Amino acid sequence: MSYSQFTIDKVKQDFQLTTIEGVRFLPDSMEELNLSSRLQAILENLPWAIAVDTEKARSEVIINPILLALN
C-alpha cells in the first residue's frame, strides 16, 4: 500500500490504536532553550525545506536537527 493510501482511520483499525484528544502533549510551560550556532545555521535552510514541500525535506532539514540538538 502506498503512503498516499493511508488514512488515520485505516491505521487505527489495522493496528488497533486509539487516539486521545483534549489532553496536552507538552507541559503548559517549558524552559527556553538556547540554540547552538550549528542548529541556527542548519535552520537557515528552513525556507528551502518548506518550499520543497516534501515530508523527506521537512524531516531532514527541520525535525532531525532539532531532535539531535535536544539529545
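Laboratory data are not the source of any read-out in this text; all were calculated from the coordinates shown. Owing to the predicted nature of the structure, the values given are computational and were not obtained by experimental measurement. Glycine also receives a Cβ, built like all others from the backbone with ideal geometry; neighbour counts cover every protein chain displayed.
Key figures for this structure:
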item: Test for Lys10: is it surrounded by 10 or more Cβ atoms within 10 Å (Cβ to Cβ) and part of a helix (DSSP H, G or I); result: yes
item: Matching residues, the range 48-71, being more than 24 Å from Tyr3 (Cβ to Cβ) and either in contact (Cβ under 8 Å) with a residue 40 or more places away in the chain or surrounded by 10 or more Cβ atoms within 10 Å (Cβ to Cβ) (or both); result: Leu68, Ala69
item: Qualifying residue in the range 23-36 (condition: surrounded by 10 or more Cβ atoms within 10 Å (Cβ to Cβ) and part of a helix (DSSP H, G or I)); result: no
item: The range 13-22: number of residues that are polar (S, T, N, Q), assigned to a loop (DSSP other than H, G, I, E, B) and over 19 Å from the mean Cα position of the chain (by Cα); result: 2
